[in-house]
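Asker: Have a look at this one.
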There are 2 protein chains.
Amino acid sequence: MLKVALVQQRCSADVAANQAESEQQVRQAAAAGAALVVLQELHSGLYFCQTEATCQFDLAEPLDGPTRRRFEALAKELDIMLVISIFEKRATGLYHNTALVMDAGNGCAGFYRKMHIPDDPGFYEKFYFTPGDAGGEFNGFRPVQTRVGKLGVLVCWDQWYPEAARLMALAGADLLIYPTAIGWDREDPVDEQQRQRDAWVTVQRGHAVANGLPVLAVNRVGFEASPQQPELGIQFWGGSFAAGPQGEILAEASVENEEILQLEIDLAGSERVRRIWPFLRDRRIDAYGDILKRFRD
Amino acid sequence: MLKVALVQQRCSADVAANQAESEQQVRQAAAAGAALVVLQELHSGLYFCQTEATCQFDLAEPLDGPTRRRFEALAKELDIMLVISIFEKRATGLYHNTALVMDAGNGCAGFYRKMHIPDDPGFYEKFYFTPGDAGGEFNGFRPVQTRVGKLGVLVCWDQWYPEAARLMALAGADLLIYPTAIGWDREDPVDEQQRQRDAWVTVQRGHAVANGLPVLAVNRVGFEASPQQPELGIQFWGGSFAAGPQGEILAEASVENEEILQLEIDLAGSERVRRIWPFLRDRRIDAYGDILKRFRD
């Protein structure tokens with residue numbers, strides 16, 4: 001059994017305070033026995049993509065910047081696996097939304113640059129983030145090998161894409177992990193909000209089922225006002241959850257409060273489930289060619 | 001709005017009686033206003049794949065056999081779309097599990113030969129059914145054009161494969177339709193049975209979400225004893241359901257009884273949902289190549 005912890009945070013504009021809180025929560029999770037701790041997407045600050053503003057690029061840092069070094073040291077000290085998320089500056093004018101995997105004393109074992117980038121009102125990510133590369137080491141939907149298994153780390157918008165989950169499974173991932181930042185438009189009616197959150201949970205549980213893999217989804221929580229229209233903004237819906245390899249919900253966090261969701265994951269469950277549901281055996285790879293098309297027209 | 005009906009039946013070994021009941025239920029659904037009626041997988045008989053027995057091939061019939069002709073005439077008479085399922089004999093020693101789409105007065109508008117074929121204890125389908133062809137007309141995950149839209153008809157085991165749903169969506173399907181025959185092993189504990197049914201519902205709702213399409217799943221119901229060990233068998237779990245393009249459950253049938261599940265589907269819902277969740281816009285077709293591999297090793 002793998003003891004995991006999902007850290008669901010409320011963030012402010014104070015990076016130092018956010019990181020101090022993350023550190024405190026990671027320490028608490030590790031003290032409670034967690035061997036793998038996952039932080040939410042862009043946990044060091046507010047979700048800055050609500051507007052397009054060039055000054056926000058000041059928030060970015062290189063892959064080996066201070067955030068990585070801080071949490072690498074923390075993972076080493078606590079002897080845990082730790083998944084963090086940064087706004088990565090790869091070069092001048094070239095930025096990514098990147099998750100890093102810290103493998104205890106071995107330091108950073110690998111990273112994942114968000115491959116699918118959203119862009120819709122309040123989530124202007126295409127302005128900020130270049131999509132991850134299709135090929136090369138640590139690119140193209142590759143899980144990160146750690147001492148507890150191969151972690152199939154994907155980020156937020158990726159969670160809507162069955163292709164991403166499948167490619168991680170085909171590369172031998174033992175676990176799918178989604179750091180994310182998703183919320184409601186407060187103007188939407190309650191039934192629409194509910195459908196959106198249910199869809200978000202359902203599609204990820206579906207990836208668990210289709211691939212016979214556990215899924216961890218770690219979301220931020222709380223209201224963040226729009227810089228341009230403070231009465232508007234995003235109500236991040238929390239609700240971080242863990243599902244087993246049949247998509248069964250194992251644990252679920254509050255939709256309103258900060259929380260450390262701790263639980264045990266049975267990584268051997270995939271062995272059992274894939275024996276009764278051998279979906280990988282019967283894939284029609286001879287007939288899937290058009291998946292590589294934009295549209296079959 | 002499209003009025004649809006899902007006919008969830010209990011079957012016996014009496015083909016004539018089963019077909020007479022199907023016909024009666026289709027008539028009832030049409031009388032209640034249904035424009036599209038879907039029958040379950042292999043609705044003419046018992047689920048004969050519980051054992052491997054060559055005599056069962058006597059049940060098969062050609063694509064233009066009596067079952068097609070009967071229901072083609074019925075669809076014409078009632079002026080409805082009708083999805084049926086047959087055990088198809090394509091040539092001596094070559095059989096398929098095939099769904100046919102009747103387009104009212106225009107007769108059979110197309111067919112779909114099950115692409116993913118299961119094989120596990122009690123479901124020995126690989127003995128009976130050749131997988132559908134990868135290419136050519138009415139093959140390779142192609143929806144069938146009817147006057148009410150493009151129907152993405154898939155069959156049973158296909159429902160576990162996100163690739164199948166995606167390929168139908170990419171080919172312009174307006175609706176995903178799964179005639180199916182799935183049930184429990186009575187020997188399994190109740191919690192395992194529940195996980196299996198939840199997984200079945202969840203993965204199909206996930207296809208709805210990932211593709212912004214409504215889904216109709218039509219399952220058989222009732223216990224069918226194993227011919228070899230009558231105390232064993234399959235408890236088909238019914239539970240036919242319809243989901244909207246955000247995966248929201250629109251209607252759900254009994255898990256124990258025969259039922260005609262009637263409801264209205266808003267085919268314009270996909271337009272609304274795909275505008276707020278434009279997943280097709282951001283697919284990384286440059287990075288999906290390994291989907292065509294058996295495994296990325």
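Asker: Within the range A:105-114, is there a residue that is in contact with a Cys (Cβ under 6 Å, 6 or more places away or on another chain), within 12 Å of chain B (Cβ to nearest Cβ) and either outside any strand (DSSP E or B) or surrounded by fewer than 21 Cβ atoms within 10 Å (Cβ to Cβ) (or both)?
Answerer: Our first condition is that a residue be in contact with a Cys (Cβ under 6 Å, 6 or more places away or on another chain); within the range A:105-114, this holds for none.
Checked against the condition, which is being in contact with a Cys (Cβ under 6 Å, 6 or more places away or on another chain), within 12 Å of chain B (Cβ to nearest Cβ) and either outside any strand (DSSP E or B) or surrounded by fewer than 21 Cβ atoms within 10 Å (Cβ to Cβ) (or both), the range A:105-114 yields no hits at all.
Asker: Still on this model: Residues that are over 30 Å from A:PHE48 (Cα atoms) and touching a residue at least 40 places away in the same chain (Cβ under 8 Å): does the range A:222-239 have at least one?
Answerer: We begin by selecting, within the range A:222-239, every residue over 30 Å from A:PHE48 (Cα atoms); these are none.
No - not one qualifying residue is present in the range A:222-239.
Asker: Take the range B:164-186 and flag every residue that is basic (Lys, Arg) and part of a helix (DSSP H, G or I). Give the steps one after another, and end with the answer.
Answerer: Of all residues in the range B:164-186, those basic (Lys, Arg) come to B:166, B:186.
Within the range B:164-186, B:ARG166 is the sole residue that qualifies.
Asker: Given A:ALA134, A:ALA75, A:ALA99, which one is away from chain B (no Cβ under 14 Å), of a type in the set (Gly, Ala, Ser) and either surrounded by fewer than 22 Cβ atoms within 10 Å (Cβ to Cβ) or outside any strand (DSSP E or B) (or both)?
Answerer: Details: A:ALA134 fails: away from chain B (no Cβ under 14 Å); A:ALA99 fails: either surrounded by fewer than 22 Cβ atoms within 10 Å (Cβ to Cβ) or outside any strand (DSSP E or B) (or both).
The conditions single out A:ALA75.
Asker: Quick check on this structure: which one of B:ALA199, B:ALA171, B:ALA243, B:ALA164 is over 28 Å from B:GLN25 (Cα atoms), in contact with a Lys or Arg (Cβ under 6 Å, 6 or more places away or on another chain) and not basic (Lys, Arg)?
Answerer: On the way: B:ALA199 fails: in contact with a Lys or Arg (Cβ under 6 Å, 6 or more places away or on another chain); B:ALA243 fails: over 28 Å from B:GLN25 (Cα atoms); B:ALA164 fails: in contact with a Lys or Arg (Cβ under 6 Å, 6 or more places away or on another chain).
Residue meeting the stated conditions: B:ALA171.
Asker: Restricting the range A:223-257 to residues that are of a type in the set (D, E, K, R) and out of contact with any strand residue (DSSP E or B) (no Cβ under 6 Å at 6 or more places or on another chain), which is farthest from A:THR180 (Cα to Cα)?
Answerer: First pass over the range A:223-257, keeping only residues of a type in the set (D, E, K, R): A:224, A:231, A:248, A:252, A:256.
Now drop any that are not out of contact with any strand residue (DSSP E or B) (no Cβ under 6 Å at 6 or more places or on another chain), which leaves A:231, A:248, A:256.
Details: A:GLU231: 23, A:GLU248: 20, A:GLU256: 16 Å.
Among those that are of a type in the set (D, E, K, R) and out of contact with any strand residue (DSSP E or B) (no Cβ under 6 Å at 6 or more places or on another chain), it is A:GLU231.
Asker: Just for the range B:187-203: of the residues that are in a loop (DSSP other than H, G, I, E, B) and acidic (Asp, Glu), which one is surrounded by the fewest Cβ atoms within 10 Å (Cβ to Cβ)? Working first, answer last.
Answerer: So the first thing to find is which residues in the range B:187-203 are in a loop (DSSP other than H, G, I, E, B), and the list is B:187-189.
Next cut, acidic (Asp, Glu) only: B:187-188.
Values: B:GLU187: 8, B:ASP188: 14.
Among residues in the range B:187-203 that are in a loop (DSSP other than H, G, I, E, B) and acidic (Asp, Glu), the one surrounded by the fewest Cβ atoms within 10 Å (Cβ to Cβ) is B:GLU187.
Asker: Can I ask one more? Quickly run through the range A:78-96 and pick out the residues that are within 13 Å of A:VAL37 (Cβ to Cβ) and in a strand (DSSP E or B). Steps first, please.
Answerer: Step one: filter the range A:78-96 for residues within 13 Å of A:VAL37 (Cβ to Cβ), giving A:78-85.
Those that are within 13 Å of A:VAL37 (Cβ to Cβ) and in a strand (DSSP E or B): A:MET81, A:LEU82, A:VAL83, A:ILE84, A:SER85.
Asker: If a residue must be surrounded by fewer than 17 Cβ atoms within 10 Å (Cβ to Cβ) and either at the interface with another protein chain (Cβ under 7 Å from one of its Cβ atoms) or among the hydroxyl-bearing types (Ser, Thr, Tyr) (or both), how many such residues does the range B:247-256 contain?
Answerer: Residues in the range B:247-256 being surrounded by fewer than 17 Cβ atoms within 10 Å (Cβ to Cβ) and either at the interface with another protein chain (Cβ under 7 Å from one of its Cβ atoms) or among the hydroxyl-bearing types (Ser, Thr, Tyr) (or both): 1 in total.
Asker: Within the range B:262-274, identify whether any single residue is hydrophobic (A, V, I, L, M, F, W, C), touching a residue at least 60 places away in the same chain (Cβ under 8 Å) and over 23 Å from B:ALA29 (Cα atoms), and answer yes or no.
Answerer: Within the range B:262-274, one or more residues are hydrophobic (A, V, I, L, M, F, W, C), touching a residue at least 60 places away in the same chain (Cβ under 8 Å) and over 23 Å from B:ALA29 (Cα atoms).
Asker: Yes or no: A:GLY206 outside any helix (DSSP H, G or I) and either modelled with pLDDT of 95 or more or more than 7 Å from chain B (Cβ to nearest Cβ) (or both)? Quick ask: steps written out before the conclusion?
Answerer: Numbers: outside any helix (DSSP H, G or I): no; either modelled with pLDDT of 95 or more or more than 7 Å from chain B (Cβ to nearest Cβ) (or both): yes.
Considered against the rule, which asks whether it is outside any helix (DSSP H, G or I) and either modelled with pLDDT of 95 or more or more than 7 Å from chain B (Cβ to nearest Cβ) (or both), A:GLY206 comes out as no.
Asker: For the range A:191-198, does any single residue satisfy the condition of being at the interface with chain B (Cβ under 10 Å from one of its Cβ atoms) and either closer than 30 Å to B:THR130 by Cβ or in contact with an Asp or Glu (Cβ under 6 Å, 6 or more places away or on another chain) (or both)?
Answerer: Yes, because at least one residue in the range A:191-198 is at the interface with chain B (Cβ under 10 Å from one of its Cβ atoms) and either closer than 30 Å to B:THR130 by Cβ or in contact with an Asp or Glu (Cβ under 6 Å, 6 or more places away or on another chain) (or both).
Asker: If you take the residues of the range B:30-60 that are closer than 14 Å to B:PHE71 by Cα and of a type in the set (A, V, I, L, M), which of them is surrounded by the fewest Cβ atoms within 10 Å (Cβ to Cβ)? Spell out how you get there, then give the answer.
Answerer: Start the filter on the range B:30-60 by keeping residues that are closer than 14 Å to B:PHE71 by Cα, which leaves B:30, B:36-40, B:42-44.
Filter once more, so that each one left must be of a type in the set (A, V, I, L, M): B:30, B:36-39, B:42.
Numbers: B:ALA30: 20, B:LEU36: 23, B:VAL37: 30, B:VAL38: 32, B:LEU39: 26, B:LEU42: 26.
Only one residue fits best here, namely B:ALA30.
Matching residues to (1) surrounded by 20 or more Cβ atoms within 10 Å (Cβ to Cβ); (2) within 14 Å of another protein chain (Cβ to nearest Cβ); (3) out of contact with any Gly (no Cβ under 6 Å at 6 or more places or on another chain):
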{"site": "B:VAL218", "(1), (2), (3)": "yes, no, yes"}
{"site": "B:PRO227", "(1), (2), (3)": "no, no, yes"}
{"site": "B:GLY238", "(1), (2), (3)": "yes, no, yes"}
{"site": "B:PRO245", "(1), (2), (3)": "yes, yes, no"}
{"site": "B:GLU258", "(1), (2), (3)": "no, no, yes"}
{"site": "B:GLN262", "(1), (2), (3)": "no, no, yes"}
{"site": "B:ILE276", "(1), (2), (3)": "no, yes, yes"}
{"site": "B:ILE285", "(1), (2), (3)": "no, yes, yes"}
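Asker: Out of curiosity, is B:LEU63 on the phi < 0 side of the Ramachandran plot and assigned to a loop (DSSP other than H, G, I, E, B)? Break it down stepwise before answering.
Answerer: On the way: on the phi < 0 side of the Ramachandran plot: yes; assigned to a loop (DSSP other than H, G, I, E, B): yes.
Spelling it out, B:LEU63 is indeed on the phi < 0 side of the Ramachandran plot and assigned to a loop (DSSP other than H, G, I, E, B).
Asker: Identify the single condition in (1) within 11 Å of another protein chain (Cβ to nearest Cβ); (2) touching a strand residue (DSSP E or B) at 6+ places or on another chain (Cβ under 6 Å); (3) within 17 Å of B:ALA165 (Cα to Cα) that B:ILE291 does not satisfy, given that it satisfies every other one.
Answerer: Unmet condition: (2).
Asker: Name the pairs: first residue in the range B:55-72 and within 14 Å of B:VAL101 (Cα to Cα), second residue assigned to a helix (DSSP H, G or I) and of a type in the set (A, V, I, L, M, F, W, C), Cβ to Cβ under 8 Å, at least 6 apart or on different chains?
Answerer: Partner pairs satisfying both residue conditions: B:PHE71/B:VAL26.
Asker: While we're here: If you take the residues of the range B:264-274 that are part of a helix (DSSP H, G or I) and not acidic (Asp, Glu), which of them is farthest from the other protein chains (Cβ to nearest Cβ)? Working first, answer last.
Answerer: We begin by selecting, within the range B:264-274, every residue part of a helix (DSSP H, G or I); these are B:269-274.
Going one step further and asking which of them are not acidic (Asp, Glu), we end up with B:269-270, B:272-274.
On the way: B:GLY269: 11, B:SER270: 13, B:ARG272: 10, B:VAL273: 9, B:ARG274: 12 Å.
Going through the qualifying residues, I end up with B:SER270.
Asker: If you take the residues of the range B:168-190 that are within 12 Å of another protein chain (Cβ to nearest Cβ) and charged (D, E, K, R), which of them is farthest from B:VAL218 (Cα to Cα)?
Answerer: Going through the qualifying residues, I end up with B:ASP188.
Asker: Right, here's the next one. Answer yes if at least one residue in the range B:151-163 is in contact with a Gly (Cβ under 8 Å, 6 or more places away or on another chain), in a loop (DSSP other than H, G, I, E, B) and buried (at least 20 other Cβ atoms within 10 Å of the Cβ), and no otherwise.
Answerer: No, the range B:151-163 contains no residue that is in contact with a Gly (Cβ under 8 Å, 6 or more places away or on another chain), in a loop (DSSP other than H, G, I, E, B) and buried (at least 20 other Cβ atoms within 10 Å of the Cβ).
Asker: How many residues does the range A:1-30 hold that are in contact (Cβ under 8 Å) with a residue 60 or more places away in the chain, of a type outside the set (A, V, I, L, M, F, W, C) and assigned to a loop (DSSP other than H, G, I, E, B)?
Answerer: Qualifying residue count, the range A:1-30: 2.
Asker: Among the residues of the range A:137-150, write down those that are part of a loop (DSSP other than H, G, I, E, B) and within 12 Å of chain B (Cβ to nearest Cβ).
Answerer: Kept after step one, since they are part of a loop (DSSP other than H, G, I, E, B), are these residues of the range A:137-150: A:137-143, A:147-148.
Once the filter is applied, which keeps residues that are part of a loop (DSSP other than H, G, I, E, B) and within 12 Å of chain B (Cβ to nearest Cβ), the range A:137-150 yields A:ASN139, A:GLY140, A:PHE141, A:ARG142, A:PRO143.
Asker: If you scan the range B:128-151, which residues turn out to be touching a Phe, Trp or Tyr at 6+ places or on another chain (Cβ under 8 Å) and small (Gly, Ala, Ser)?
Answerer: Matches in the range B:128-151: B:GLY132 only.
The values are calculated or read from the model by the stated rules, or taken from the named source; none is laboratory data. Remember, it's a predicted structure, so these values are computed and weren't measured experimentally. Virtual Cβ from ideal backbone geometry, glycine too; neighbours counted across all protein chains shown.
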